[in-house]
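One structure is given below, encoded as structure tokens.
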């Protein structure tokens, strides 16, 4: 879909994140109710884990789409929500032309790697802004999210090794039993007040980064 203003993908992304946060709340409530009388609306812990992974994957996918749309608009020097105009090193005819110039013959553009996004911003936008600072300020947690995303999507030996790094960073040591990504996402973030599980924590980070990029 062709975009003309940054406000369109931003609004769509925030609405999507809010919907996913609400879905998580409903899922949590359905699990809690299963401790009492059983009904058709109850879900098991295993089902909650799978649903949690699905929510995380959907949020990350939506963030990639948002980022691509906004980045391409910035290469057209479209203004931010506060009317700041980025300086682009490209001079594309339109949205589609900007996309093809950035893609440069590649099969697709990778928006999962924070390092790649930062390098792309430095290449096509003066000082890399307004994308670079939002990513460098949150690079550690965005890398964690990338690793979780890859392990949910691929479940390979390579993705497992990166996922284990996330577990070490968040828990200080590697647990004896490696939890599924969905199980980890349901764990409470240490010292969070009020207690917040990692899924909600990560989705809120995506909201913050998207706001910083479009501010």
For this session: Give the peptides 119-130, 151-162, 67-78 in descending order of average Cβ contacts within 10 Å, highest first.
Result: 67-78, 119-130, 151-162
Exercise. Where the Cα atoms of the stretch 122-215 are projected onto their three principal axes, how long is each span, largest first, in whole Å?
Worked result: 47, 34, 21
For this session: State log₁₀ I(q)/I(0) for the stretch 150-193 at q = 0.23 Å⁻¹ as given by the Debye formula over alpha-carbon point scatterers of equal weight, solvent excluded.
Result: -0.82
Problem set entry | Average projected area [Cα convex hull, the chain], square nanometres | 13.8
Exercise. When the Cα centres of the stretch 95-129 and the stretch 141-215 are compared, how far apart do they sit, in Å?
Worked result: 25
Exercise. According to the Cα gyration tensor, what semi-axes, each the square root of 5 times an eigenvalue, does the equivalent ellipsoid of the stretch 71-172 have, listed from largest to smallest in whole Å?
Worked result: 31, 17, 9
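Going by average Cβ density within 10 Å per residue, which order do the peptides 177-185, 106-114, 94-102, 52-60 take, highest to lowest?
Output ranking for 177-185, 106-114, 94-102, 52-60: 52-60, 177-185, 94-102, 106-114.
Coordinate-derived values only; no laboratory data. This is a predicted model, so every value here is computed, not measured. Positions of Cβ are generated from backbone atoms using ideal geometry, with glycine treated the same way; all protein chains shown enter the neighbour counts.
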